[in-house]
Amino acid sequence: MANGYRDFDTSGAVTPFVTVGLGFAHNTMSEWTRINPDAGRTRRSFDGGSDTGLAWSVGAGASWDVGPVLGSAPAKLSLTWRYFDQGSVSGGTNALPGSGAGAVRSRR
C-alpha cells in the first residue's frame, strides 16, 4: 500500500493532518467445516476461496509539540484515527462431496 500524508501548518503547538493510502490486497480463506451437534449431519465441509482487489485507507489526526526530550531534538505526540479496507473473501455455501459425516437420526 502506498500512503500519502498532508499536515496543515498552524502557528500553534497543534498540527492537524490527514492521510490516505491505496494498494492491492490478496485474501485467502481455507476450506472450512461447520459443526452442528443438533442437526442430522453434524459436520459439513465447504470450499474456501481467494480474491485479489483494491485496498485503501483514510485517516486523520493531530500532533502536539512537546519540546525536547532528554536533550534531544523536539518531540511530538500524535493522536491518529485510521480506517483500513483490505478487501474480503468468502467461502463456498455448498457442502463438498462426501462431507456431512456424523450422527444420522433415525425416524420412528
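The values are calculated or read from the model by the stated rules, or taken from the named source; none is laboratory data. The shown structure was predicted, so the numbers you read here are calculated from the model rather than taken from an experiment. Keep in mind that these areas ignore ligands, DNA and RNA; they rest on the heavy atoms of the full protein, side chains included. Shrake-Rupley method; radii C 1.70, N 1.55, O 1.52, S 1.80 Å.
Brief remarks on what is shown
- Surface accessible to a 1.4 Å probe, W81 within the full protein complex, Å²: 150
- Going by accessible surface with a 1.4 Å probe and the largest first, T80, T15 read T80, T15.
- Computed with a 1.4 Å probe on the full set of protein chains, the accessible area for V14 sits at about 60 Å².
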